[in-house]
Amino acid sequence: MNKIIKFFVVSVLLSFTSFSFSDHHMPNYSVMESFQCQLNDGKGMDDVAKVDAAWNKWMQAGNVSVAYNSWRMVPVFQNKKDFDFTHGWIGFTSNYEDMGIIQDEWVAGGEKLQAKFDAVEDCTSVHAMNYVYLVRSANEPFEDGFMTVSGCTLSEGATNEAFFAADEMWNAYLDEGNFSNAIQMRWLPGSGTGIDYPYDFLNVSVVPSFKEWGQNVDKLVTGGGAYSQSLYGELASCDTTRVYRTTYVGGYNPE
């Protein structure tokens, strides 16, 4: 626990250099809330999308005062024995205060919309927050994509400085190897992740298309993976990856 607290404290002091997931801005430190959901009987993702569209109109109609952007995630490669949910929601703000403002404003004005969400899905099993650290920003902006996630455990003696040095060398390698456009992040556990949460952080990458996902995997299995292991192998160990389709739902972005 001391290791993860140290990583959290140092990371939160980083400068707020902006990056763009499409035109929806987040700093290299941001806060994410997530829901794991199940479809109600007789409902499908088309029903969820209709409520999402109503939510987006509500967000843009002056009901919130700070930036918040959200994506739906649907499993593509995932073992239901390990992660038993049909879909999820991830929403981002620039910091914890803004996330608190969004929660207050939703409680104050979102009751009718919440009832519509509840009619099509059950998202009560997991509602959690994560601290998000940006490792690599996208070269070109995009909205929808494919997200790869793995759970990681820090090695004894791993330091922030070692991670940052490894990130610098890894990003240079990706540039030199012409890897496809991607965002890379580390998600650190926060409120709601659970007492028995097994990971120190989640390693997350997002690419715009499945073709680009495959191109990057080809490069990993033909040398990139070995190089990544040489940089990060003594810092953390990560479990099997899972892949999700991510679709931008909408949000609010003040001028």
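The values are calculated or read from the model by the stated rules, or taken from the named source; none is laboratory data. Because the structure is a prediction, the values reported are computed rather than measured. We place every Cβ from the backbone using ideal geometry, glycine too, and count neighbours over all the protein chains shown.
The table that follows gives values for the structure above.
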{"read-out": "Subset of segment 92-105 [within 21 Å of residue 247 (Cβ to Cβ) and either modelled with pLDDT under 95 or in contact with a Phe, Trp or Tyr (Cβ under 6 Å, 6 or more places away or on another chain) (or both)]", "value": "93, 102"}
{"read-out": "Members of segment 178-223 found to be assigned to a loop (DSSP other than H, G, I, E, B), in contact with a Ser or Thr (Cβ under 6 Å, 6 or more places away or on another chain) and modelled with pLDDT under 95, listed by number", "value": "182"}
{"read-out": "Long-range neighbours under 9 Å by Cβ, at least six apart or interchain, first residue touching a residue at least 24 places away in the same chain (Cβ under 8 Å) and closer than 19 Å to residue 245 by Cα within segment 130-150, second among the acidic types (Asp, Glu) and not in a loop (DSSP other than H, G, I, E, B)", "value": "145/212; 146/212"}
{"read-out": "Residues of segment 140-159 classified as crowded, with 18+ Cβ neighbours inside 10 Å and either at pLDDT below 95 or in a loop (DSSP other than H, G, I, E, B) (or both), total", "value": "2"}
{"read-out": "Qualifying positions in segment 160-201 - surrounded by 14 or more Cβ atoms within 10 Å (Cβ to Cβ), over 21 Å from residue 215 (Cα atoms) and β-branched (Val, Ile, Thr)", "value": "193"}
{"read-out": "Scan of segment 207-223 for residues that are surrounded by 15 or more Cβ atoms within 10 Å (Cβ to Cβ) and either of a type in the set (Asp, Glu) or in contact (Cβ under 8 Å) with a residue 40 or more places away in the chain (or both), ordered by number", "value": "207, 208, 212, 213, 219"}
{"read-out": "Meets criteria (surrounded by 19 or more Cβ atoms within 10 Å (Cβ to Cβ), under 21 Å from residue 29 (Cα atoms), among the aromatic types (Phe, Trp, Tyr) and in contact (Cβ under 8 Å) with a residue 12 or more places away in the chain) for residue 248", "value": "no"}
{"read-out": "Any hit, segment 224-239, residues being more than 18 Å from residue 70 (Cα to Cα), at pLDDT below 95, touching a strand residue (DSSP E or B) at 6+ places or on another chain (Cβ under 7 Å) and buried (at least 18 other Cβ atoms within 10 Å of the Cβ)", "value": "no"}
